[in-house]
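Trainee: Before we start, here is the structure in question, set down as structure tokens.
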Amino acid sequence: MTRTALALLLLSSVGCTSATVLPSVAVEARPSTHESSPPRETAFVSTDTKPTAAPLRAVGDFVVFKFSGTYRKGALTLREQIVGRQGDDLIVEFTFVDGAKKSTFRALTGAGAKSDLTGFTKLDAKGATIDASRDEFEAFMGETVLAADDNEETLGTTTADVDLGGKQYTAKTTSFRVRVGKTSATMKITQADDFAWGDLGAEIVATDGTVLYRAELLEAGHVSE
């Protein structure tokens, strides 16, 4: 998430942390064994092979995602917000809410959606900043991920106009036939090239209708400093 959040995620595993989670933060799919299917590594990635310059993020920008499905016991929400600057870097705050549990991390990043994260810290119960490791942060980001074992086929892409925070975006949804363990499912990825956080959502739904994984964009906008 980070794959998160969701900016356009790099074609990498959670171990190579990008600016959001997603999220970004992030459904992973291992390369297909079928020659006709191109390899893919994560659902929260751009499906366009042409590089696109996403808008830059600024202090006050935020995004909120909800992660749910049978892959975990209960829903998890993740709020990412740019809360300040440190030199040329932005300070991004990640707040995970899992039931009654709340954990908040901060990291440094560039203004672009693909910028790497560095300098991890964590806020304790009193709001004081304490040191945190990349591994600790990525353990939380791992809760936003479901791995698909095989990407069997690309099914097609549709586009639709969506309104986010009073702004219009063109969203592109690409569908794939995948397998999660022995379960056959359809994976859908929705993203908008001109959305500063990148991806808008993803889901993996089994053929019997069971929602294995879903990442939903709940809110995106800007708060005054």
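Trainee: For the stretch 170-184, give me each residue that is of a type in the set (A, V, I, L, M, F, W, C) and surrounded by fewer than 18 Cβ atoms within 10 Å (Cβ to Cβ).
Mentor: None; the set is empty.
Trainee: Residues of the stretch 187-203 being assigned to a strand (DSSP E or B) and either under 14 Å from the mean Cα position of the chain (by Cα) or loosely packed, with under 15 Cβ neighbours inside 10 Å (or both), which ones?
Mentor: Lys188, Ile189, Thr190, Gln191, Asp199, Leu200, Gly201, Ala202, Glu203
Trainee: Confirm whether Asp89 is of a type in the set (D, E, K, R) and farther than 23 Å from Val180 by Cβ.
Mentor: When the stated conditions are applied, Asp89 passes them.
Yes/no per residue for (1) under 19 Å from the mean Cα position of the chain (by Cα); (2) of a type in the set (D, E, K, R):
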residue: Gly119; (1), (2): no, no
residue: Glu136; (1), (2): yes, yes
residue: Asp161; (1), (2): no, yes
residue: Gly166; (1), (2): no, no
residue: Thr174; (1), (2): yes, no
residue: Arg179; (1), (2): no, yes
residue: Ser184; (1), (2): no, no
residue: Ala220; (1), (2): yes, no
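Trainee: If a residue counts only when it is over 17 Å from Ile204 (Cα atoms), which strands (runs of 3 or more DSSP E) contained entirely in the stretch 126-171 have at least 1 such residues?
Mentor: Hits in the stretch 126-171: 129-131, 150-164.
Trainee: Here's something else I'd like to know. Quick check on this structure: which one of Arg72, Arg57 is assigned to a loop (DSSP other than H, G, I, E, B), crowded, with 19+ Cβ neighbours inside 10 Å, touching a Leu at 6+ places or on another chain (Cβ under 9 Å) and of a type outside the set (A, V, I, L, M, F, W, C)?
Mentor: Arg57
Trainee: Looking at (1) closer than 25 Å to Leu90 by Cβ; (2) among the charged types (D, E, K, R); (3) modelled with pLDDT of 95 or more, find the lone condition where Glu203 falls short.
Mentor: Here Glu203 meets the rest and fails (1).
Trainee: Ok, one more. Filter the stretch 173-186 for residues that are out of contact with any Ser or Thr (no Cβ under 9 Å at 6 or more places or on another chain) and part of a strand (DSSP E or B); which is farthest from Leu212 (Cα to Cα)?
Mentor: Across the stretch 173-186, the extreme among qualifying residues is Arg179.
Trainee: Are any residues in the stretch 88-116 part of a loop (DSSP other than H, G, I, E, B) and modelled with pLDDT of 90 or more, and if so, which ones?
Mentor: Listed by number, the residues that qualify are Gly99, Ala100.
The values are calculated or read from the model by the stated rules, or taken from the named source; none is laboratory data. Quick caveat: nothing in here was measured; it's all calculated off a predicted structure. Positions of Cβ are backbone-derived with ideal geometry, glycine not excepted, and every protein chain shown enters the neighbour counts.
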